[in-house]
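> Just passing along the structure, written as structure tokens.
The values are calculated or read from the model by the stated rules, or taken from the named source; none is laboratory data. The structure displayed is predicted, hence computed values, not measured ones. Note that each Cβ is placed from the backbone with ideal geometry, even for glycine, and that neighbours are counted across all protein chains shown. The protein model used for the area step is the full one, side chains on, heavy atoms only, and it has no ligands, DNA or RNA in it. Shrake-Rupley method; radii C 1.70, N 1.55, O 1.52, S 1.80 Å.
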Amino acid sequence: MIDNSIFNNKKVVYHTLGCKLNFAETSAIGKQLSEEGFVKARPAEQADLCIVNTCSVTDVADSKCRQAIKKLRRQYPKAIMVVTGCYAQLKPQEIAAIEGVDLVLGSNEKFDMLKFLRDLEVGENKQIHRADISQIKQFRPSCSQDDRTRYFLKVQDGCSYRCSYCTIPFARGRSRSGTLTETVEAARKALAAGAKEIVLTGVNIGDFGRGTKESFFDLVQALDQLPEEDIRFRISSIEPNLLTDDIIRYVARSRHFMPHFHIPLQSGTNEALKIMKRHYTRELFADKITCIKHELPHAFIGVDVIVGIRGETDELFQQSCDFIQNLDISQLHVFTYSERSGTKMLEIEHQVPIPERKRRSEILHRLSDQKTNSFYEKQMGQTTQVLWESRRQEDKMTGFSSNYIRVERPYDRKRINQLETIRLGNWNDEKSALRVEETGGRA
Ligand code: SF4
């Protein structure tokens, strides 16, 4: 039998980059390690182990990961440095070449961290463990908490699409998920632990249940039937072709699902969508927005867009802007394209110069601000429910309304993790949130 006492009271530091999925997975790793005796190092305390969970969505993400590793190495000179996540899966040798990295673990191996730690001898040759991603079939559930209020539940992993600019399928493998029963049980556990709001996350969550003959719609219905009162679910990013009208209509009448959608568009022209190998047309996307706004006029809709892909001429970008301008949406998440090795898009010759990519990004950021301001201003005077968060800024606290408006009120500790019915007032001084106009009673 393996002696686990070697880990008792060992101090560990976690550093996570990238998406909510990564945060959920770091949490799952943290849980495993704490069960074996590891404790989180306090600020200014030396650590025995550093775990960096990386992202590799762009060049900038890679560079941030390298900087984080180097900084942690300086801060914790004696710690074992373990690097995992998408960057580690895609470019393990590049990570191993960074001075001070002891162990590189791929996307599947990160969940077996204890096994690798037991074997590791600090200062010996660096070790790299990384399975062939195409062989990974197992789904590993995870859940994380960002505030005392909001939980991120991983319901799906990997992606079986092959968008021409994206390396995620190479880093995370094919689409997979747990069963409906297992996933509902994981949500129940988060609620029992105090969650008031659960965000369903994944790489391509609309693909949930594909291997078990279940569907994402089944999951939405099963979660909505949970008997608890005063709980909220949000759907994180979902591909427009997988967001069915049935799901939208069900959410509109549901008990627990919030009027909030996040849908990747990526480009507002069919030519660019074809280059990107996306699974829909801009007409389908526009229909989804119309359906949401018909069913849920107050819904918040966030939309991802990528600027500067290969083949995006000035004309295509302009047409894309015009299309987005006419969509009744609340916010854009703008990403600037960067070349990723191994992707199909590199076969396209036409390149957008870097300064032009930045210019396009700035244009869409400005458009996003206009859309968000206009959405917020239309909601002033509406009655909604806010879940107050624990973060305190000077004498203020904030929370999100059901339709994802950031709301501000004077700090009151008793309100943390409480739902409150309020009326939305005017902008706060920084124009970053709406104030509470009038309290309608505690829920
Ligand atoms: S849907 Fe496309 S962009 Fe999204 S993870 Fe899958 S391959 Fe990447």
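> Does Gln382 qualify as being within 27 Å of the chain's Cα centre (by Cα) and not aromatic (Phe, Trp, Tyr)? Can you show your working first?
Numbers: within 27 Å of the chain's Cα centre (by Cα): no; not aromatic (Phe, Trp, Tyr): yes.
Taking the combined requirement at face value, the residue does not satisfy it.
> Considering Asp287, Asp304, which residue is charged (D, E, K, R), in a strand (DSSP E or B) and in the same structural domain as Arg162 (by TED's automatic domain parsing)?
Working: Asp287 fails: in a strand (DSSP E or B).
Of the residues listed, the single one that is charged (D, E, K, R), in a strand (DSSP E or B) and in the same structural domain as Arg162 (by TED's automatic domain parsing) is Asp304.
> Go through (1) open to solvent by 50 Å² or more (accessible area, probe 1.4 Å); (2) of a type in the set (A, V, I, L, M, F, W, C); (3) touching a Lys or Arg at 6+ places or on another chain (Cβ under 8 Å) one by one and return the number of the condition Met380 breaks.
Among (1) open to solvent by 50 Å² or more (accessible area, probe 1.4 Å); (2) of a type in the set (A, V, I, L, M, F, W, C); (3) touching a Lys or Arg at 6+ places or on another chain (Cβ under 8 Å), Met380 violates only (3).
> On to the next question. For the structure I just gave you, tell me whether Ala88 is within 28 Å of Val334 (Cα to Cα), of a type in the set (Gly, Ala, Ser) and either open to solvent by 70 Å² or more (accessible area, probe 1.4 Å) or not assigned by TED's automatic domain parsing to the domain that holds Ser177 (or both).
Details: within 28 Å of Val334 (Cα to Cα): yes; of a type in the set (Gly, Ala, Ser): yes; either open to solvent by 70 Å² or more (accessible area, probe 1.4 Å) or not assigned by TED's automatic domain parsing to the domain that holds Ser177 (or both): yes.
Against the criterion (within 28 Å of Val334 (Cα to Cα), of a type in the set (Gly, Ala, Ser) and either open to solvent by 70 Å² or more (accessible area, probe 1.4 Å) or not assigned by TED's automatic domain parsing to the domain that holds Ser177 (or both)), Ala88 qualifies.
> State all residues of the stretch 228-262 that are over 23 Å from Gln385 (Cα atoms), away from the ligand (no atom under 16 Å from the Cβ) and touching a residue at least 40 places away in the same chain (Cβ under 8 Å); if no residue qualifies, say none. Even if it seems obvious, please write down each step before you answer.
Just the residues of the stretch 228-262 that are over 23 Å from Gln385 (Cα atoms), to begin with: 238-246.
Remaining after also requiring away from the ligand (no atom under 16 Å from the Cβ): 244-246.
Of everything in the stretch 228-262, just one residue is over 23 Å from Gln385 (Cα atoms), away from the ligand (no atom under 16 Å from the Cβ) and touching a residue at least 40 places away in the same chain (Cβ under 8 Å), namely Asp245.
> Would you be able to say whether some residue in the stretch 338-361 is free of Cβ contacts under 8 Å to residues at least 60 places away in the same chain and either touching a helix residue (DSSP H, G or I) at 6+ places or on another chain (Cβ under 7 Å) or within 24 Å of Ala299 (Cα to Cα) (or both)?
So far as the stretch 338-361 goes, yes, one or more of its residues are free of Cβ contacts under 8 Å to residues at least 60 places away in the same chain and either touching a helix residue (DSSP H, G or I) at 6+ places or on another chain (Cβ under 7 Å) or within 24 Å of Ala299 (Cα to Cα) (or both).
> Now a separate question. Which of the residues belonging to the stretch 154-175 are part of a loop (DSSP other than H, G, I, E, B) and under 14 Å from the mean Cα position of the chain (by Cα)?
Keep residues of the stretch 154-175 that are part of a loop (DSSP other than H, G, I, E, B), which gives 155, 158-167, 173-175.
Listed by number, the residues that qualify are Val155, Gly158.
> Name the residue that is surrounded by the most Cβ atoms within 10 Å (Cβ to Cβ), counting only residues in the stretch 165-216 that are away from the ligand (no atom under 16 Å from the Cβ) and of a type in the set (Lys, Arg).
Lys196
> Still on this structure, please answer the following. Select from the stretch 70-93 the residues that are without any contact (Cβ under 8 Å) to a residue 12 or more places away in the chain and closer than 24 Å to Leu21 by Cα and list them in ascending order.
Matches in the stretch 70-93: Lys71 only.
> Within the stretch 188-201, does at least one residue satisfy the condition of being closer than 23 Å to Phe261 by Cα, modelled with pLDDT under 95 and in a loop (DSSP other than H, G, I, E, B)?
Yes, some residue in the stretch 188-201 is closer than 23 Å to Phe261 by Cα, modelled with pLDDT under 95 and in a loop (DSSP other than H, G, I, E, B).
> Condition first: farther than 26 Å from Glu229 by Cβ and of a type outside the set (Lys, Arg). Now tell me which residues in the stretch 384-407 satisfy that. Even if it seems obvious, please write down each step before you answer.
Step one: list which residues in the stretch 384-407 are farther than 26 Å from Glu229 by Cβ, which gives 392-396.
If the condition is that a residue be farther than 26 Å from Glu229 by Cβ and of a type outside the set (Lys, Arg), then Gln393, Glu394, Asp395 are the ones that fit.
> Moving on to the next point. Please go through the stretch 263-282 and give me each residue that is more than 11 Å from the ligand (Cβ to nearest atom) and not in a loop (DSSP other than H, G, I, E, B), ordered by number.
If the condition is that a residue be more than 11 Å from the ligand (Cβ to nearest atom) and not in a loop (DSSP other than H, G, I, E, B), then Ile263, Leu265, Asn270, Glu271, Ala272, Leu273, Lys274, Ile275, Arg282 are the ones that fit.
> From the list Lys213, Lys293, exactly one residue is on the phi > 0 side of the Ramachandran plot and in the same structural domain as Thr343 (by TED's automatic domain parsing). Which is it? Break it down stepwise before answering.
Working: Lys293 fails: on the phi > 0 side of the Ramachandran plot.
The conditions single out Lys213.
> Considering only residues that are more than 21 Å from the chain's Cα centre (by Cα) and assigned to a helix (DSSP H, G or I), which ones fall in the stretch 211-223? Write out each step before concluding.
Initially, the stretch 211-223 is screened for residues more than 21 Å from the chain's Cα centre (by Cα), giving 211-214, 218, 221-222.
Gly211, Thr212, Asp218, Gln221, Ala222 - these are the residues of the stretch 211-223 that are more than 21 Å from the chain's Cα centre (by Cα) and assigned to a helix (DSSP H, G or I).
> Looking at Ile301, Ile306, which is the one that is within 15 Å of the ligand (Cβ to nearest atom) and either acidic (Asp, Glu) or crowded, with 21+ Cβ neighbours inside 10 Å (or both)? Spell out how you get there, then give the answer.
Working: Ile301 fails: within 15 Å of the ligand (Cβ to nearest atom).
Only one candidate qualifies: Ile306.
> For a quick check of your reading of the model, give me the residue pairs whose first member lies in the stretch 40-58 and is open to solvent by 20 Å² or more (accessible area, probe 1.4 Å), whose second is in a strand (DSSP E or B) and among the aromatic types (Phe, Trp, Tyr), with beta-carbon atoms closer than 9 Å and at least 6 apart or on different chains.
Pairs found: Lys40/Tyr14; Val57/Phe335; Thr58/Phe335.
> Of the residues in the stretch 309-326, how many are surrounded by fewer than 20 Cβ atoms within 10 Å (Cβ to Cβ) and in a loop (DSSP other than H, G, I, E, B)?
3
> Also, quick follow-up: Among the residues of the stretch 229-245, write down those that are open to solvent by 30 Å² or more (accessible area, probe 1.4 Å) and at pLDDT 95 or above. First the steps, then the outcome.
As a first pass, look at the stretch 229-245 and keep what is open to solvent by 30 Å² or more (accessible area, probe 1.4 Å): 229-230, 237, 241-242, 244-245.
Residues satisfying the conditions are Ser237, Asn241, Leu242, Thr244, Asp245.
> Which residue pairs have Cβ atoms closer than 6 Å, lie 6 or more positions apart in sequence or on different chains, and pair a first residue in the stretch 269-292 that is open to solvent by 20 Å² or more (accessible area, probe 1.4 Å) with a second residue that is among the aliphatic types (A, V, I, L, M) and within 16 Å of the ligand (Cβ to nearest atom)?
Taking only residues 6 or more apart or on different chains, the pairs are Lys288/Leu243.
> For Lys137, only one of the following conditions fails: (1) open to solvent by 10 Å² or more (accessible area, probe 1.4 Å); (2) out of contact with any Phe, Trp or Tyr (no Cβ under 8 Å at 6 or more places or on another chain); (3) within 16 Å of the ligand (Cβ to nearest atom); (4) in a loop (DSSP other than H, G, I, E, B). What is its number?
All conditions are met except number (3).
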